[in-house]
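The values are calculated or read from the model by the stated rules, or taken from the named source; none is laboratory data. Given the structure is predicted, the values throughout are model-derived calculations rather than measurements. Please note: Cβ atoms are built from the backbone with ideal geometry, for glycine as well, and neighbour counts cover all protein chains shown. Protein only, heavy atoms only, side chains kept; ligands, DNA and RNA dropped before computing areas. Shrake-Rupley method; radii C 1.70, N 1.55, O 1.52, S 1.80 Å.
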Amino acid sequence: MKAPETISISGLSKSFNNSHYVLENINLSIQRGEFFILLGPSGCGKSTLLSMIAGFIEKTSGDLLVDQEEVKKPGRNRGVVFQQADAALFPWLTVKENVEFGLKMKKTPKDNRNKISTYFIELVGLKGHENKFPRELSGGMKQRVQLARVLANDPDILLMDEPFGALDAMTRRTMQTELVRIWKETNKTVIFVTHDIQEALLLGQRIGVMSVGPSSKIDHIYDIPLAFPRSFTDKEFNRYYQNIQAHFD
Ligand SMILES: Nc1ncnc2c1ncn2[C@@H]1O[C@H](COP(=O)(O)OP(=O)(O)OP(=O)(O)O)[C@@H](O)[C@H]1O
Ligand SMILES: [Mg+2]
């Protein structure tokens, strides 16, 4: 049986100024539980597309459905992880308070809040850092707090916009491995934006390659049936790498 579709996009276009389209005629369908990558060069409209799915910005035309409902505004079924953790975390709240923020808004009782934050703080590897403030954390740790906070809200869909872009190469590798583990443990649907082919291949079950803007669209979708955890020294991995690289040459 085919897995149910959670995101369904057809003929979706976006123009900010009526003179040209940033995105034109995007067609995309994403299954529940899928790890999908949006890959494309800087300025092609990846963040714009993700923000439309998140409900932060309005489409110009076309259809954009999440769980069969037209997206009109942000919703609890979608959680967003941004590139810059600094802009997303509250500096005056501790790690634990940041993670519990959405739960508090939802009026989740304190005992429950405590249970949930403890679980996700441990899941992202921040046990022992609960009472620190964001300024006392490294970039990678702040990104983990952001991830724990989004997961604590329990959205079905994680929308991640180059979340590891600002991290050093070693921390990025660790975070990539952790994200695959967390995705497997939580069965979330993930849409992950990157311009890094290697990152796309380490994480994605399918990779949608976007064309250069203006009027960007999804040029081609690659199926990546390689098992996790993946290794970039693998022969098959490199074959996919060359194929996708050729898109941008
Ligand atoms: N609010 C806005 N008003 C006007 N133009 C915008 C706005 N947001 C984005 N754009 C334009 O839309 C295009 C796509 O931008 P977007 O940020 O989606 O690209 P991107 O693929 O995420 O790039 P990057 O990899 O650099 O983050 C760019 O030409 C940008 O200038
Ligand atoms: Mg962007």
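Observations
- Screening N17 on (1) open to solvent by 50 Å² or more (accessible area, probe 1.4 Å); (2) in contact (Cβ under 8 Å) with a residue 40 or more places away in the chain shows it passes everything except condition (2).
- Condition broken by F82, with the remaining ones in (1) touching a strand residue (DSSP E or B) at 6+ places or on another chain (Cβ under 9 Å); (2) assigned by TED's automatic domain parsing to the domain that holds L28 satisfied: (2)
- Single residue of region 201-228 satisfying the filter (within 13 Å of ligand 1 (Cβ to nearest atom) and of a type in the set (G, A, S)) that is most open to solvent (accessible area, probe 1.4 Å): S215
- Highlighted here are the helices (runs of 4 or more DSSP H) found entirely within region 24-110 that include at least 1 residues which are surrounded by fewer than 21 Cβ atoms within 10 Å (Cβ to Cβ), within 16 Å of ligand 1 (Cβ to nearest atom) and not aromatic (F, W, Y): 46-54, 85-88.
- Annotation note: of K14, K46, the sole residue that is within 14 Å of ligand 2 (Cβ to nearest atom), among the charged types (D, E, K, R) and farther than 23 Å from Q205 by Cβ is K14.
- Tabulated pairs, region 44-57, first of a type in the set (S, T, N, Q) and at pLDDT 95 or above, second away from ligand 2 (no atom under 13 Å from the Cβ) and open to solvent by 10 Å² or more (accessible area, probe 1.4 Å), C-beta under 6 angstrom, 6+ apart or interchain: T48/K14
- Residue match in region 87-105 (condition: modelled with pLDDT under 95 and within 16 Å of ligand 2 (Cβ to nearest atom)): yes
- The number of residues in region 131-142 being open to solvent by 50 Å² or more (accessible area, probe 1.4 Å) and assigned to a loop (DSSP other than H, G, I, E, B) comes to 4.
- Looking only at region 231-249, residues that are among the β-branched types (V, I, T) and either surrounded by fewer than 12 Cβ atoms within 10 Å (Cβ to Cβ) or touching a Cys at 6+ places or on another chain (Cβ under 9 Å) (or both) come to 1 in all.
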